[in-house]
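The values are calculated or read from the model by the stated rules, or taken from the named source; none is laboratory data. Computed from a predicted model, the values in this text were never measured in an experiment. We place every Cβ from the backbone using ideal geometry, glycine too, and count neighbours over all the protein chains shown. Side chains included, ligands, DNA and RNA excluded: accessible areas come from the protein's heavy atoms. Shrake-Rupley method; radii C 1.70, N 1.55, O 1.52, S 1.80 Å.
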Amino acid sequence: MMKESRNDNDKNDTNRSPLEDIVYSEVEPGIITREMIEAAYLEEGYKGEESRLHRIEPVVYDRIASLRLDFKNILRIDHLWMLPNLTKLSLNCNKIETIEHLDMLVNLKELDLSFNYIERIENLEKLVNLEVLSLFSNLIVKIENLDNLEKLVILSIGNNLISSPEGIERFRFLPNLKVLNLEGNPLAQESEFSLSDYIAAILPKLKYYEYVAIGDEQRESARRRFYRELREIETNEEMELQARSQKLREEENAKRLSVSFVEHLNEHQLYESLWNGDEDGRILMMIGEAANDLAEEYGNDIFELTQEIYKLGLEKYDERQREIDKFHQSIEQGHLEIQQMGHKILEDFSKYKDTLFEEAISCHRIIEARLMRGDDAENEEVIKQRDTLDRITTQFDDTVNNVWQQLMSQELQLHEATEETTINFQRKMQEMIAKFVEQAQTHFGQLRDVAVHFSENLNEIVSRFIATKLAMQDIKSIPDPLRICIEDREAIGNLIAGMKDTHTQKIDEREDRLIQRSKEFVENMICELNKDELERNRAKILEINTFLDLVTENLQNLQQEVQDELQNNEN
């Protein structure tokens with residue numbers, strides 16, 4: 001890691017590290033560009049022949065694993081999405097104010113943002129594979145937004161503006177954190193507060209603080225000193241872990257129910273929804289105990305049937321998931337086989353290319369050496385070497401064309417096989433969904449029958465209730481909204497019909513939602529699979545063409561490279 005030190009003048013400067021003095025002060029701060037990335041990649045520390053080969057090879061962004069962009073006068077981060085396989089990134093000693101546009105770097109393991117002007121820790125949540133993070137010497141005032149970096153081993157946020165210990169206890173959620181540096185912050189300068197002891201007390205898994213090992217004696221003493229704080233932190237941590245666990249279970253269950261199309265059918269949600277907005281049903285239920293007993297039985301019947309739909313949904317989900325896993329395994333196997341064949345072709349081509357390039361370089365050196373000595377361009381040896389170069393170029397073009405045909409043929413074969421496999425998979429999914437919907441519809445039909453049966457029984461109970469009250473001339477005990485039934489004999493039937501229509505409509509709506517979402521699931525999944533395959537196919541074709549165009553261009557540039565080499569040797 002970079003040595004984390006600054007002289008006393010730097011530390012006392014209210015503007016923090018005045019990088020204008022050392023980072024191209026005559027250049028306006030800018031944004032990371034494609035050209036900057038390529039230049040940094042080509043400037044990597046190779047030597048001799050290895051350096052020459054590194055520079056003539058085409059820049060394949062997917063293969064870049066390490067990048068240094070320090071001392072580049074960078075103000076804003078951008079274009080790093082081009083490097084999806086980047087594992088190490090150095091952006092230290094720039095003028096970066098905001099951490100941004102790093103979400104795509106999910107493979108990143110080391111990130112150096114030291115010596116910048118960052119005020120807030122943010123936008124690092126997606127970097128779940130990060131192991132080393134340096135935010136040393138910035139303008140950060142608060143420890144936050146690091147909880148997700150569970151693979152973090154080394155963290156440095158020293159020499160910032162942190163004045164409160166709040167947030168340090170969150171490092172307990174980073175199980176792999178072993179090295180931490182917070183020195184150089186105002187918090188570390190407080191005479192009545194020992195930051196090193198506080199950290200030793202509350203972070204039991206931490207091994208080094210400020211790159212000094214934490215001993216058992218120091219840790220035990222620190223735990224006694226900060227006993228109250230530690231106890232409070234442990235209590236809060238336990239509560240949070242329980243809450244996290246509960247939330248995770250709920251989210252996983254909700255997700256599973258959703259993709260099974262039976263969400264809100266696992267308990268009494270459907271029955272309760274039947275009564276929402278049912279004004280007719282509310283009036284009818286005013287007759288009291290007899291209606292309540294009947295409604296309870298109604299609720300139990302609805303629950304039993306929704307349980308059948310719920311269990312059916314989970315069962316069919318597991319069946320579909322097995323089929324989906326089988327499909328993906330088949331696709332991955334096909335990709336792997338073609339990839340291995342393609343690697344063999346490129347490996348053979350690379351060996352052939354290196355041999356041919358060496359022969360071409362030798363010819364160019366002979367030609368350029370003779371011309372530099374003053375030999376005529378029609379010199380016999382010069383002509384001979386040029387004939388050899390013509391032969392090499394012809395052979396190389398033929399070989400490149402042959403490699404192109406092989407790679408394109410393989411890609412076409414893979415693309416067609418993937419399309420055919422996807423079509424068969426779509427048919428299988430549609431059949432499985434159709435069977436599931438058919439079985440679910442049977443249960444929904446039973447739900448409607450139960451709703452109708454309940455309406456008929458409630459009609460009988462309400463009619464008997466009204467008749468009994470009239471016979472006893474106890475009209476006052478009839479609820480006001482039901483008194484209309486005394487004079488209008490059809491009023492009870494209208495209320496019953498309204499309630500029945502409301503309940504059956506709710507059941508119909510839930511059935512329609514299940515059917516619609518089931519069909520959309522297959523359509524959306526197949527659409528996404530086709531889209532991904534099309535994008536993969538286009539990207540692969542572009543990669544093949546770009547690679548072969550670049551190596552062809554490299555052969556054409558050999559003469560200029562030899563001329564430059566000979567000129568440098570003379571100088």
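What whole-number distance in Å separates the alpha-carbon centres of region 433-491 and region 226-261?
Region 433-491 and region 226-261 have Cα centres spaced 45 Å from each other.
Provide the per residue accessible area, probe 1.4 Å, for region 178-261, rounded to a whole number of square angstrom.
That works out to 65 Å² per residue.
Given Cα pairs under 8 Å that are at least 6 residues apart, what percent is the relative contact order of region 389-531? The partial results should precede the final answer.
Details: 47 pairs, mean separation 52.7, N = 143.
In percent, rounded to a whole number, it is 37.
How high is the relative contact order of the chain, in percent, with contacts defined as C-alpha pairs under 8 Å that are six or more residues apart?
So the answer I get is 9 percent.
Accessible area of region 487-571 with a 1.4 Å probe: how many percent of it is carbon plus sulfur?
44 percent
Tell me the carbon and sulfur percent of the accessible area for region 136-223, rounded to whole percent, probe radius 1.4 Å.
On the way: 1800 of 3810 Å².
Heavy-atom surface of region 136-223 belonging to carbon and sulfur, 1.4 Å probe: 47 percent.
For region 421-461, take N as its residue count and report Rg(C-alpha) divided by 2.2 N^0.38 Å.
1.98
Percent of Cα-Cα pairs per 5 Å bin, from 0 to the last occupied bin, for region 393-501, please list those.
Using 5 Å bins, I get a P(r) of 2, 9, 10, 9, 7, 6, 6, 5, 5, 5, 4, 4, 4, 4, 4, 3, 3, 3, 2, 2, 1, 1, 0 for region 393-501.
Quick one: which of 350-357, 65-72 comes out on top by average Cβ neighbours within 10 Å, and what's the full order, highest first?
On the way: 350-357: 13.6, 65-72: 17.0.
Ranked from most to least packed, the peptides come out as 65-72, 350-357.
At a probe size of 1.4 Å, how large is the accessible area of residue 311, to the nearest 10 Å²?
Probe radius 1.4 Å; accessible area of residue 311 about 120 Å².
Can you work out the accessible area per residue across region 51-161, with the rest of the protein chains kept in place, probe 1.4 Å, in square angstrom?
38 Å²
Calculate the tail of P(r) for region 305-436: the fraction of all Cα-Cα distances greater than 18 Å, expressed in %.
Here the long-distance tail beyond 18 Å is 72 percent of all Cα pairs in region 305-436.
Not counting ligands, DNA or RNA, and with a 1.4 Å probe, what is residue 93's accessible surface area in Å² rounded to the nearest 10?
Accessible surface of residue 93 is approximately 10 Å².
Send over the per residue convex hull volume for region 223-268, Cα only, as a whole number of Å³.
62 Å³
No solvent, one uniform scatterer per C-alpha: report log10 I(q)/I(0) for region 298-351 via the Debye equation at q = 0.17, 0.22, 0.24 1/Å, two decimals.
At q = 0.17, 0.22, 0.24 Å⁻¹ the computed log10 ratios are -0.70, -0.82, -0.87.
Is there a pair in 151/540; 255/316; 316/428; 88/151; 247/316; 428/519 whose C-alpha atoms are over 21 Å apart, and which pairs would that be?
151/540; 247/316
Of the beta bridges DSSP finds with both residues in the chain, what % are antiparallel, to the nearest 5?
10 percent
Write down the Kirkwood hydrodynamic radius of region 205-360, to one decimal in angstroms, obtained as one divided by the mean of 1/r over all alpha carbon pairs.
The Cα-based Kirkwood calculation yields 23.9 Å.
Where the eigenvalues come from the Cα gyration tensor of the chain, what are the semi-axes √(5λ) of the equivalent ellipsoid, largest first, in whole Å? Don't skip to the end; give the middle numbers.
Numbers: eigenvalues 954, 349, 69 Å².
Three semi-axes, in Å: 69, 42, 19.
Report the net charge of residues surrounding residue 408, where surrounding means a beta-carbon distance below 14 angstrom and charges are Lys +1, Arg +1, Asp -1, Glu -1. Walk me through the numbers before you get to the answer.
Working: positive: 538, 540; negative: 411, 416, 543, 549.
Neighbour charge sum, excluding residue 408 itself: -2.
Taking K and R as +1 and D and E as -1, what net charge do the other residues with C-beta under 14 Å from the C-beta of residue 173 add up to?
So the surrounding residues net to -4.
Which of the lysines could a cross-linker span from residue 95 if the Cα-Cα distance has to be under 20 Å and same-chain partners fewer than 8 positions apart are dropped?
3, 11, 72, 142
Per DSSP H run of n ≥ 4, the term is -39500 (n - 2.57); total these for the chain, divide by its residue number, and report the mean residue ellipticity at 222 nm rounded to 500 deg cm²/dmol.
-21500 deg cm²/dmol
Which of 471, 415, 445 sits closest to the plus end of the dipole of region 407-506, meaning its Cα is farthest towards the positive end, when Lys and Arg get +1 and Asp and Glu get -1 on the C-beta?
Projecting each Cα onto the dipole axis, the largest value belongs to 471.
How do 484, 168, 338 stack up against each other in accessible area, from largest to smallest, with a 1.4 angstrom probe?
484, 338, 168
Tell me, what is the per residue accessible area of region 437-505 in Å², probe radius 1.4 Å?
56 Å²
Sorted by accessible area (1.4 Å probe), largest first, how do 508, 387 line up?
Output order, biggest surface exposure first: 387, 508.
Can you run phi through the Karplus equation (6.51, -1.76, 1.60; θ = phi - 60°) for region 161-170 and list ³J(HN,Hα) in whole Hz, with x for Gly and Pro?
Running phi through 6.51 cos²θ - 1.76 cosθ + 1.60 with θ = phi - 60° gives 10, 6, 10, 10, x, 4, x, 5, 5, 5 Hz.
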